[in-house]
Amino acid sequence: MKSRNGFANTEGMPKTVFQSDIAEEEKNSGPSRAEIRKRAFEIHIERGGIHGCDLDDWLQAERELQEKYKNNGKGTKKN
């Protein structure tokens, strides 16, 4: 459906992600999505590869990595 200005109504449409958005996210003091994804997969494997726990794995990975960044001081990543 078009609005009066001639552009389609984009309410409810997924947000387009641009490289600049990703670069900005990586500058933040927290873990990147790639880091969270990797840790969530590790948790999934540690759990025995049981399906249906993906959200729990993601949230656990997010918590662990945020705590790691917090403890390492203002987001500096230490391995």
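General remarks:
- Positions within the range 29-64 being of a type in the set (S, T, N, Q) and not in a helix (DSSP H, G or I), in sequence order: Ser29, Ser32
- Within the range 28-41, residues that are over 18 Å from Asp56 (Cβ atoms) reach partners that are at pLDDT 95 or above and surrounded by fewer than 20 Cβ atoms within 10 Å (Cβ to Cβ) with beta carbons closer than 8 Å, at six or more positions or on different chains, in the pairs Gly30/Leu65; Gly30/Gln66.
The values are calculated or read from the model by the stated rules, or taken from the named source; none is laboratory data. Note that this is a predicted model, so its numbers are computed, not measured. Because the Cβ atoms are built from the backbone with ideal geometry, glycine has one as well, and the counts that use them run over all protein chains shown.
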